[in-house]
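Since the structure comes first, as structure tokens, the remarks are kept for the end.
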Amino acid sequence: ADWYPLKVDIWDPPFDFSKPRQQAEYTPLAKASAPHKICVSFPHLKDAYWLGVDYGIIDEAKRLGVKVQLLEAGGYTELSKQISQIEDCTSGGAAAIIIGAISYDGLNNVVAELKKKKIPVVDVINGMSSPELGAKSLVSFADMGSKAGVFLAKQHPAGSKSVKVAWLPGPAGAGWVESGHKGFMEAVKGSAVEIVDVKYGDTGKEVQAKLVEDVLQAHPDLDYIAGTAVTAEAAVPILRARGLADKVKLVAYYYTPGVDQYIRRGAVLAAPTDSPVIQGRVALDQAVRLAEGKIELRHVGPIIEVVTKDNVSKIDMSTTLAPASFKPTFTTN
Amino acid sequence: MSIAATNTPQTPLRNPPRQLLKRAFVKVGVLPILLVFAILVFRSMSDNFLTVQNLTNVVRQSVFLAIVSLGQMMVLLTGGFDLSVGTILALTSVTTALAMSGFALAMPDMILLAIVLGALVGLACGTLVGLVSGIGVAAFGVSPFIMTLGVASMGFGIALFLTGGTPVYGMPPEFGEVMGFGAVLGLPLPIWVAIGLVGVAYVLVNWTRLGRSFYAVGGNARAALLSGINTKASLVAVYVLSALFTAVAGVLLTARLDSGEANVGSAMPLESIAACVIAGVSLRGGIGRVENVVLGALFINLVQNGMNLARIDSYLQTVVIGAILIAAVIFDQIRLRFAADLKD
Amino acid sequence: MSIAATNTPQTPLRNPPRQLLKRAFVKVGVLPILLVFAILVFRSMSDNFLTVQNLTNVVRQSVFLAIVSLGQMMVLLTGGFDLSVGTILALTSVTTALAMSGFALAMPDMILLAIVLGALVGLACGTLVGLVSGIGVAAFGVSPFIMTLGVASMGFGIALFLTGGTPVYGMPPEFGEVMGFGAVLGLPLPIWVAIGLVGVAYVLVNWTRLGRSFYAVGGNARAALLSGINTKASLVAVYVLSALFTAVAGVLLTARLDSGEANVGSAMPLESIAACVIAGVSLRGGIGRVENVVLGALFINLVQNGMNLARIDSYLQTVVIGAILIAAVIFDQIRLRFAADLKD
Amino acid sequence: MTMSAQDHRPGEPPLLELLKVSKQYPGVLALDAMNFTLRRGEVHVLFGENGAGKSTLISVISGATRPTSGDMLMNGEPARFTTVHEARAQGVTTVFQEFSVVPSLSVEENLFLGSELSCGGFLAKRRMRQEAHAILQRLGFDLDPRATVARLTRAEQQMVEIARAFRSKLSVLILDEPTASLTDREANRLFELVDQVKAQGVGIIYITHRMHEIDRLADRITVLRDGKFIATVDARDVGQDELVGLMTGRVVGQVFPNIACRPGRAVLSIDRLATGSGSVKGASLQVRAGELVGLAGLVGSGKSEIIRAAFGLERTTGGTVTFEGKDVTNASPRRLLRAGFSYMPPDRRVEGLAMMRPCSENMTLSALDLKPLAEGPFLNRYREAAEARRHAATLELHPMRPERAVEAFSGGNQQKVLLARSLTRPFSLYVFDEPTVGVDVGTRAAIYRFIGRLCEAGAAVIVISSDLPEILNLSHRAYVFYDGRVQAELTRPNITEAAILPLFFGQKAA
Ligand SMILES: Nc1ncnc2c1ncn2[C@@H]1O[C@H](COP(=O)(O)OP(=O)(O)OP(=O)(O)O)[C@@H](O)[C@H]1O
Ligand SMILES: Nc1ncnc2c1ncn2[C@@H]1O[C@H](COP(=O)(O)OP(=O)(O)OP(=O)(O)O)[C@@H](O)[C@H]1O
Ligand SMILES: [Mg+2]
Ligand SMILES: [Mg+2]
């Protein structure tokens, strides 16, 4: 089954999140007019989330018949390596480039340079502040945090019995973490949700496991742990082992296969999904459209859905997760 | 004719209590004192800190770092480095999970066998990394820094390749339940394993010829060679042992996380070296004691746990942990100065 | 039977051209040869590789690593380590951006002054970190590993605290345009700065008393002390210089990024040490040459660039870069063996 | 003089035989088709100038280095040792010139290094301790088996090294300058042991630059020059002068110069000094310009420590040090050096030289702040090279390649590099601690003349030495140390072996 046409959020005029979003149907090109070379730069390709984006881009590239070269910088601390990779990739000639940015502002110069070289840039997943972008395919991570927060706030509106929540948003200083944090905190404001602890930490599972343990020690009366998908995955066995599985509930603010599994089993309460596969597909289509001068929707984001045990079987997970058989792919020919 | 000087006042017992304190300090070392001090401070900052449950927690959290640091210490004793421990952790985790879930699928009736075989495959893969490093350092004379860094990079690429970046699931749940969360006599199983390994390391380092050769190679490689020690064998042994210890930690970690992860352990190389150095292990080789290294690992985890329980802001935690590392070493310097003063 | 073991009898001029080749190899060292070799390989793998534009690109990308490695080398010469270069990069970036945007706001008419003052504040903050490390190592005798690791942790906490985790922007655009992307005589400005710093480092290390004292301290610290060298001052100097060089790289990076970032540079400590080690700098101190270190940094970046252009998979790149690091050092070992064979 | 080849007892192959052994180092042919035979139960002395190839020869025999070409026979059988371990297994045990002790380990751990006793795979620590005690007792070496070697003096480390050699089962015992920093008491114990094992049929190769040791021990002597075999002679057949002639190819003449004594102002006064480690317990001494003062004493008597404390290397707990009229107690070495105090440490490896750096850099290290080399903050490396060359020439560095790393030089030549450092700037006080460790007779004479010239030019000179003839022949005045105190002060006519020896052992001066 084809993924399109698909209902998406769009912003028009583009690149201004302060304007209200509109809904539209997204339909990609049927075929590219030439086998363009498209560069893709990722912060990393070490987890299932980015694997989903990779899948979306690669699958769409095969459908459209364009050549993709994908580079990954190795982590969110490797901004200068990402810049080098963008330079390297485009110096081999590229019709367009898709960037999953490590830094919100740090790539603006590079984007400006690319613009001078007439290489259009698509901003995928993470967001950049540059006004020179060709298109955006993303939802703001603030929205993701917000969705998770709203989910909690709805369950525990102001006036109800207050609940204690520990919030583990991810590595300090990473752009997506800071904006997710902001969205989450704003969403729970004024509800019965009390944030008793905020703990930053790397998204390695052992790091998050340790934080979860410490948070449980520090707050024996905790009701929720909310945080990254890795946090939720790490917390499940720990809660089970401590016999707290029924007492402390888990909420993640993005979606991975592990979270998916645990939601189905009821071990994780809820997690919003931003359909990373779709963001990848749209980004590639936008890139090809930019290369061919056919761009229509410049600022597109999938509609965020909060997945719970009740609706998980109704949602099409192929928009969120790469198929199990998909292996990380860096080039198409 | 003699001008044999008039005796200057030699007063070894001028201030006996203070002298005694100094002597105690010199004897027990800095870490026990710092540990007690940290415990007192954190107790006053959080009620939940000094509970049996939390302390068990801390010890269990320290298990991985402690085991890895033991291996790291042996490498440091020979004057080397092992920067590949993070990768070994990741690679062991991934291969254990892959193999175990494969075996579990292939022989669903013999879960125990699948678990054992899976763990063995993981251990073997991890140890292989150490063998490669050891051969590089011993036979080709590559500097340990570059050798283990290069091997770490290679191993990480392989781990990523094996998993494609996603965690490996599908291990039999019994594995996690027993090895990760099981307890014997009230102590979590990982702690028992760690106690066993500490014992092994202690005996190996202090009571065998191989262990003695580590000190000799690190203390003066040329002297060791001229004394007829097979320095190359010692070097290979030390990297293999470090990898083996780390691989055991990797298997335990996999059980604990219930999945095989390529993204674990990246902080391990520096953290394990730090645990060793604050425990008085010399980076120039030849000096270090097993007991202290265990305390070093414990101390680092205790401080992190205490700060989390005391709800210290994450940013501030980073600052504090840095300051504490430095302070610990400065105290140790003071101790050494005292030690030089006290003559036995 | 001969005890000359595997050694073949010495035949000095049996094969003069081969001897000549060997001699050339011994003389120029491994890195130039590896560089040429890498260029040939990558040229055959990608048409875009051997273009002026791409090579300029590679050099410009290498600038940061090269500058940091120069500072790192001086620390290594004294037998130390600087694990804080990553933090210094981050802290310089953050403080430069904060100060510069503040000054630009306060005096919108004097943008140039704002830029200069901002950069100076950044340099000062970065250098301060080095001063702290230097004092810790020299005066308190803390092991350089722990001192710089601790300082790095503290500095990172401070950088995060200053920015609240988000990038700092608002610097005058002229800063980025000139320092980040400006060019003089066709060469990007950062390259000019790097050339200048290489010159400074070369003269400093080879032609000043201070530079000589680095070698002396690393070669034999006791001997240096007995020879009236102010070893403590040398140690402080070396950490300050390393921090200063890194801070310059930090300012350039900030210009390039047009924002102050707390999350840059975490790979820098290991990468800069690796660049030094493959350039033949000894981690035990006392040995190392400026020219080679620059080549080392260039080599690492060239290989990464070449692999990107040759469209090699990222995971595979990780494996290849590890293998190349090891191979480079093995070649250097072979070179040293040749050197021992050659008569004079 | 008899050539050894004819001196062969028929029927019995020599214990060890080397045929045409060569060893090439970069730029140096250290051994040039060298021949050598060792018989059972003989002490065979290797004699030659610094850099002649003695250490190279024995490292070939002991498996530490591989020769470039040549053959070795043991008991008539071809033998080859690729490692020291293999050699040891054949009973070939070596005391190396540059010790093979591990500083971070204790004395007993070093004694058993590489051949630890074990029991069921575990170390038999108690048994090793007992044996360590026994061996030290047998040798009469006063060492604590539990002491860390890093904290021992050079002489004490040498004792560990020697004790280790006598622990193992021997067939060939090789001693490379074993007494270079020992005093006569320890040396005599060593000689007795050598006699013992010799009686058991062990072949002993002994390298020394001290003539009286050759007189005392040698059965046969092989002389080397520039890596070449010169002659093997019977010890009874040759005199000292003849030997020295063979070694150098010229006549050396008198080793000890006559140094004029013109005492002037007091340069250094040490008053009731005590150190934190307790090695010096209230000792006083004084040195005047234009005189040469010797400090003697047994190993560990504190003769070194007192000057180290004065030079700011040890923490003092009492007493004062006055240099050139100023109180400099606890001043830094740097300050003292700049004020004109030169101190040459006894152990060149530990405190003297950066082994991987060129000789020239090592020589000029303490003069970097002075004019010809310093130009403001810069360094004139051309002048530096010229200076280094000049000093290397003065001290006859061999080979004359001061740009090479120190580690590529023979032991004696390394010592010259260290000595050259005191030439590089003017000093008013020179302290030489064991200045001639490992230096050959010819060079030794040159060094003594050089010290003499310094003294005659008006400098104050202190020589600290465990080589008694050095003290006897050079000093104008001598202090004898015992147990951290000055046991006696002697002046010229009274500085005799007979007067000093009893003082060494704590007897009061007559
Ligand atoms: N590692 C090395 N590299 C280069 N040359 C060396 C090396 N070791 C020794 N040599 C050279 O070999 C020659 C012989 O040295 P060796 O150490 O055997 O002399 P020696 O007779 O023991 O002298 P000494 O009495 O000073 O100890 C010397 O010229 C020395 O410079
Ligand atoms: N760094 C040190 N730490 C502890 N003890 C030391 C240290 N250096 C020397 N000693 C001890 O101090 C005592 C006196 O040493 P000193 O160097 O004065 O001896 P010495 O008379 O010169 O003997 P030698 O002939 O061995 O040089 C010795 O017993 C020695 O073990
Ligand atoms: Mg010698
Ligand atoms: Mg002495």
I'd like the full set of residues that are of a type in the set (Lys, Arg), closer than 27 Å to D:GLU456 by Cβ and part of a helix (DSSP H, G or I), limited to region D:292-334.
D:LYS303, D:ARG308
Among (1) polar (S, T, N, Q); (2) within 19 Å of C:ALA216 (Cα to Cα); (3) more than 8 Å from chain C (Cβ to nearest Cβ) - the single one D:THR394 does not satisfy:
(2)
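Given the criteria under 13 Å from B:SER84 (Cβ atoms), in a helix (DSSP H, G or I) and open to solvent by 40 Å² or more (accessible area, probe 1.4 Å), does B:LEU105 qualify?
Taking the combined requirement at face value, the residue does not satisfy it.
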Could you check region D:250-288 and list, in sequence order, the residues that are out of contact with any helix residue (DSSP H, G or I) (no Cβ under 9 Å at 6 or more places or on another chain), away from every other protein chain (no Cβ under 14 Å) and closer than 20 Å to D:ILE495 by Cβ?
D:PRO263, D:ARG288
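Check every one of the helices (runs of 4 or more DSSP H) wholly within region D:22-116 and list those with 2 or more residues that are within 13 Å of ligand 1 (Cβ to nearest atom), closer than 23 Å to D:ASP219 by Cβ and within 11 Å of another protein chain (Cβ to nearest Cβ). Walk me through it before giving the result.
Working: elements: D:54-61, D:84-89, D:107-111.
Passing ranges, in order: D:54-61.
Rundown of residues vs (1) within 27 Å of D:GLY506 (Cα to Cα); (2) within 16 Å of ligand 1 (Cβ to nearest atom), yes/no style:
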residue: D:LEU170; (1), (2): no, no
residue: D:ARG185; (1), (2): yes, no
residue: D:ARG189; (1), (2): yes, no
residue: D:GLU192; (1), (2): yes, no
residue: D:HIS212; (1), (2): yes, no
residue: D:ARG216; (1), (2): yes, no
residue: D:ASP226; (1), (2): no, yes
residue: D:PHE229; (1), (2): no, yes
One residue from C:LEU189, C:LEU185, C:LEU120, C:LEU98 being at negative phi, more than 8 Å from every other protein chain (Cβ to nearest Cβ), out of contact with any His (no Cβ under 8 Å at 6 or more places or on another chain) and open to solvent by 70 Å² or more (accessible area, probe 1.4 Å):
C:LEU120
How many residues are hydroxyl-bearing (Ser, Thr, Tyr), within 16 Å of ligand 2 (Cβ to nearest atom) and open to solvent by 20 Å² or more (accessible area, probe 1.4 Å) when one looks only at region D:97-126?
1
Qualifying positions in region C:171-182 - more than 18 Å from C:ASN263 (Cβ to Cβ), open to solvent by less than 70 Å² (accessible area, probe 1.4 Å) and more than 9 Å from chain A (Cβ to nearest Cβ):
C:PRO172, C:PHE175, C:MET179, C:GLY182
Please indicate, with yes or no, whether at least one residue in region C:295-316 is among the polar types (S, T, N, Q), open to solvent by 30 Å² or more (accessible area, probe 1.4 Å) and on the phi < 0 side of the Ramachandran plot.
yes
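I'd like the full set of residues that are farther than 25 Å from A:LYS7 by Cβ and touching a strand residue (DSSP E or B) at 6+ places or on another chain (Cβ under 6 Å), limited to region A:256-276.
Of all residues in region A:256-276, those farther than 25 Å from A:LYS7 by Cβ come to A:258, A:261-262, A:265-269.
Of everything in region A:256-276, those that are farther than 25 Å from A:LYS7 by Cβ and touching a strand residue (DSSP E or B) at 6+ places or on another chain (Cβ under 6 Å) turn out to be A:VAL268, A:LEU269.
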Look at A:MET128 and say whether it is under 22 Å from A:LEU45 (Cα atoms), touching a Pro at 6+ places or on another chain (Cβ under 7 Å), open to solvent by less than 30 Å² (accessible area, probe 1.4 Å) and modelled with pLDDT under 95.
no
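Outside the structural domain of D:ARG225 (by TED's automatic domain parsing) and within 16 Å of ligand 4 (Cβ to nearest atom): is that true of D:PHE378 in this structure?
Details: outside the structural domain of D:ARG225 (by TED's automatic domain parsing): yes; within 16 Å of ligand 4 (Cβ to nearest atom): no.
Against the criterion (outside the structural domain of D:ARG225 (by TED's automatic domain parsing) and within 16 Å of ligand 4 (Cβ to nearest atom)), D:PHE378 does not qualify.
Provide a single number: the residues in region D:285-308 that are open to solvent by 20 Å² or more (accessible area, probe 1.4 Å) and either of a type in the set (D, E, K, R) or within 7 Å of ligand 2 (Cβ to nearest atom) (or both). Quick ask: steps written out before the conclusion?
If we filter region D:285-308 for residues that are open to solvent by 20 Å² or more (accessible area, probe 1.4 Å), which is where we start, we get D:286, D:288, D:299-300, D:304-305, D:308.
Those left that are additionally either of a type in the set (D, E, K, R) or within 7 Å of ligand 2 (Cβ to nearest atom) (or both): D:288, D:299-300, D:304-305, D:308.
Matching residues across region D:285-308 total 6.
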Please work out which one of (1) assigned to a strand (DSSP E or B); (2) away from ligand 1 (no atom under 16 Å from the Cβ); (3) not basic (Lys, Arg) is the condition D:PRO263 fails and give its number.
(1)
Any pair with Cβ under 8 angstrom, 6 or more apart, that starts in region D:305-323 at a residue that is assigned by TED's automatic domain parsing to the domain that holds D:SER465 and within 16 Å of ligand 3 (Cβ to nearest atom) and ends at one that is part of a loop (DSSP other than H, G, I, E, B) and modelled with pLDDT under 90
none
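Report yes if some residue within region D:144-160 is closer than 21 Å to D:VAL84 by Cβ, away from ligand 4 (no atom under 16 Å from the Cβ), charged (D, E, K, R) and within 14 Å of chain B (Cβ to nearest Cβ); otherwise report no. Before you say what the answer is, go through the steps one by one.
Taking region D:144-160 first, the residues closer than 21 Å to D:VAL84 by Cβ are D:149, D:157-160.
Retained after the next criterion (residues that are away from ligand 4 (no atom under 16 Å from the Cβ)): none.
No: zero hits.
Being outside any helix (DSSP H, G or I), of a type in the set (A, V, I, L, M, F, W, C) and in contact (Cβ under 8 Å) with a residue 12 or more places away in the chain is the filter; apply it to region D:117-166 and report the residue that is farthest from D:GLY302 (Cα to Cα). If you could, list the steps in order and put the result at the bottom.
Residues of region D:117-166 outside any helix (DSSP H, G or I): D:117-124, D:140-148, D:152-153.
Keeping just the survivors that are of a type in the set (A, V, I, L, M, F, W, C) gives D:117, D:119, D:122-124, D:141, D:143, D:147, D:152.
Retained after the next criterion (residues that are in contact (Cβ under 8 Å) with a residue 12 or more places away in the chain): D:117, D:141, D:143, D:147, D:152.
Values: D:LEU117: 35, D:PHE141: 17, D:LEU143: 15, D:ALA147: 17, D:LEU152: 12 Å.
The extreme case among them is D:LEU117.
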Those helices (runs of 4 or more DSSP H) completely within region C:204-271 that have 1 or more residues that are open to solvent by 20 Å² or more (accessible area, probe 1.4 Å) and facing chain D (nearest Cβ under 8 Å) are C:209-219, C:221-226
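Answer with yes or no whether A:THR319 is at pLDDT 90 or above, in contact with a strand residue (DSSP E or B) (Cβ under 8 Å, 6 or more places away or on another chain) and within 14 Å of another protein chain (Cβ to nearest Cβ). Spell out the reasoning first.
On the way: at pLDDT 90 or above: yes; in contact with a strand residue (DSSP E or B) (Cβ under 8 Å, 6 or more places away or on another chain): yes; within 14 Å of another protein chain (Cβ to nearest Cβ): no.
In short, no.
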Subset tally (residues that are more than 24 Å from the chain's Cα centre (by Cα) and not acidic (Asp, Glu)) for region D:31-48:
9
Sole exception among (1) within 16 Å of ligand 2 (Cβ to nearest atom); (2) without any contact (Cβ under 8 Å) to a residue 12 or more places away in the chain for D:SER279, by number
(2)
I'm told A:VAL251 meets every condition in (1) in a loop (DSSP other than H, G, I, E, B); (2) within 17 Å of A:PHE151 (Cβ to Cβ); (3) not small (Gly, Ala, Ser) except one. Can you identify the failing condition by its number?
(1)
Of all residues in region D:176-202, which are within 16 Å of ligand 3 (Cβ to nearest atom), of a type outside the set (S, T, N, Q) and assigned to a loop (DSSP other than H, G, I, E, B)?
D:GLU177, D:PRO178, D:ALA180
Cβ-Cβ distance below 7 Å, separation of 6 or more or different chains: which pairs start in region D:346-359 with a residue that is surrounded by 21 or more Cβ atoms within 10 Å (Cβ to Cβ) and end on one that is hydroxyl-bearing (Ser, Thr, Tyr)?
D:PRO346/D:SER181; D:PRO346/D:SER304; D:ARG357/C:TYR215
All but one of (1) within 16 Å of ligand 4 (Cβ to nearest atom); (2) in a helix (DSSP H, G or I); (3) of a type outside the set (Ser, Thr, Tyr) hold for D:GLU407; which doesn't?
(1)
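Applying the selection to region D:217-232, what residues are within 20 Å of D:ARG40 (Cβ to Cβ) and either at pLDDT below 90 or part of a helix (DSSP H, G or I) (or both)?
First pass over region D:217-232, keeping only residues within 20 Å of D:ARG40 (Cβ to Cβ): D:217-222, D:232.
Across region D:217-232, the qualifying residue is only D:LEU217.
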Which condition breaks for B:ARG311 when tested against (1) in a helix (DSSP H, G or I); (2) out of contact with any Pro (no Cβ under 8 Å at 6 or more places or on another chain)?
(1)
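The values are calculated or read from the model by the stated rules, or taken from the named source; none is laboratory data. All figures in this text were calculated on a predicted structure; none of them were measured in a lab. Positions of Cβ are generated from backbone atoms using ideal geometry, with glycine treated the same way; all protein chains shown enter the neighbour counts. All accessible areas refer to the heavy atoms of the entire protein, side chains included, with ligands and DNA or RNA removed. Shrake-Rupley method; radii C 1.70, N 1.55, O 1.52, S 1.80 Å.
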